[in-house]
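To start, the structure itself, in structure tokens.
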Amino acid sequence: MKSNHKKIFSTIIVSVSYLSLLVLGACIENIDSDPFGECPTTGQKSNLIDFSVQYEPYRNNRYSISSDEVNFKDFKFNLSFTLEQLSEAKYHSIFPGQAFALSCIAVYDIRNVSNIAILLAAPFENIPTGTDVSYLFIAQNGEPLSEFRDFSKMTTILSLTLQKTPTSKTQLKTKTIVFFKNGTQKLIESTSPTILIN
């Protein structure tokens, strides 16, 4: 009887020890690193395989669509990327179950994109159809999309702010083009919700 108790106790000790190692490996990217340090800034090598255009504000569990009306101050033009990972994370744990820290956003180094442009598919504020208006859209780092070339520290969403305030309520009809380094391109046409002036 005592032998069975010892076996059960030993099994519990081994299981708890292994679980502790799993948790440690999952929560800390590098066991020797400072767990309170900064998130990794080196992106995982990836290729963009597809993208979509989504409009903020995000409400009622969905992005705004062309039939909605939104205030200009809440309006954002988002590019959502579908990526194919080319490389594994730098640190490989000897234990299964490794995960990124919850406080860190995954960062990607998109290797196959050279630049992105937004062209008007209909006139907007006296700017004619076909005009490249990438300069009107500002990324989170403060850079206009027309000058945005560093895709090495990307998340799966590129959020852009429109810098030209409409003079009356209007919709933005665009053609967004992703240019790839191999000379090909992918184009998506989209229509924003109606933008209301504040």
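Nothing in this text is a laboratory measurement; each read-out follows from the coordinates by a stated rule. Predicted model only: the values in this text are computed from it and were never measured. No Cβ is skipped: glycine too gets one built from the backbone with ideal geometry, and neighbour counts run over all protein chains shown.
Observations on the structure shown:
- For residue 160, residues with placed amide H under 5 Å, excluding near neighbours: 77, 78, 79
- Overall size of the stretch 38-196 from C-alpha positions, given as principal axis extents largest first: 59, 39, 24 Å.
- Extension gain, residue 111 back to residue 140 (0.36 nm per residue minus Cα-Cα distance, nm): 8.4 nm
- With a cut-off of 16 Å on the backbone N, the residues of the stretch 160-183 near the modelled label site 7 Å out from residue 194 along Cα-Cβ are 166-173.
- Local electrostatic count, residue 68, Cβ distance below 10 Å [Lys/Arg +1, Asp/Glu -1]: +1
- In order along the stretch 187-192, the Karplus-derived 3J(HN,Hα) couplings, from 6.51 cos²θ - 1.76 cosθ + 1.60 at θ = phi - 60°, round to 10, 10, 8, 8, 10, 6 Hz, and Gly and Pro are given as x.
- Greater than 29 Å apart at Cα, pairs in 76/181; 45/175; 45/73; 153/181: 45/73
- Backbone phi angles across the stretch 133-145, fed through the Karplus curve with coefficients 6.51, -1.76 and 1.60 (θ = phi - 60°), yield HN-Hα couplings of 10, 4, 5, 7, 10, 10, 6, 4, 7, x, 8, x, 4 Hz in residue order; Gly and Pro are listed as x.
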